[in-house]
Amino acid sequence: MNIVEISTDKQCPFCGCKKNYLSCKSSKYSKTEGFEKHKWYVRCSNCKATGGNATGIVAVKKIGELPSFCTTDKVLKRKAIDKWTVKFNNNKEQQYEL
Ligand SMILES: [Zn+2]
């Protein structure tokens, strides 16, 4: 399993640092060759908070038209950032209630 980490310049909503990363764990997608299962999520290396997972099947070789079962890293990264942002907003609401 490979892990890729991309630094984001977003501020961590939980601890305020900017040491958070878009992480991708990839694993083999056994049904069809040339594809991998990718799991993207945002992770803070300071307070260890993580956002929700965005998973999908991604083509690892250049192919003409994407089959309907697969998505792209670009889409998954955006979903992972959305999930991180949603978690941030939920956290804010919880703080208001307290
Ligand atoms: Zn943090």
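Can you sort 45, 68, 7, 23 so the residue with the fewest Cβ neighbours within 10 Å comes first? Write out the running numbers ahead of the final one.
Details: 45 14, 68 6, 7 11, 23 19.
Starting with the residue having the fewest Cβ neighbours, the order is 68, 7, 45, 23.
Please work out the Cα center distance from segment 55-84 to segment 6-45, rounded to the nearest Å.
13
Return the Rg/Rh ratio of segment 2-96 with Cα-based radii and a Kirkwood Rh. Working shown, then result.
Details: Rg = 15.0 Å, Rh = 14.2 Å.
With Rh from the inverse mean 1/r over Cα pairs, Rg/Rh is 1.06.
Do any of 10/39; 10/62; 61/87; 10/31; 28/74 go past 29 Å between their Cα atoms, and which? It would help to have the intermediate numbers written out before the result.
On the way: 10/39 20 Å; 10/62 31 Å; 61/87 33 Å; 10/31 36 Å; 28/74 19 Å.
As for pairs spanning more than 29 Å Cα to Cα, those are 10/62; 61/87; 10/31.
Mind ranking 71-82, 56-67, 9-20 by how tightly packed they are, going by the mean number of other C-beta atoms within 10 angstrom, highest first? Let's see the in-between values first.
Working: 71-82: 16.8, 56-67: 11.7, 9-20: 14.9.
My ranking of the peptides, most packed first, is 71-82, 9-20, 56-67.
Please figure out what share of the DSSP beta bridges in segment 2-96 is antiparallel and state it in percent, rounded to the nearest 5. Working shown, then result.
On the way: 22 of 24 bridges.
Percent antiparallel among DSSP bridges in segment 2-96 is about 90.
Since every read-out is calculated from the coordinates, none of them should be taken as a lab result. Quick caveat, the model's predicted, so the values are computed rather than measured. Every residue, glycine among them, receives a Cβ derived from its backbone with ideal geometry; neighbour counts consider all protein chains shown.
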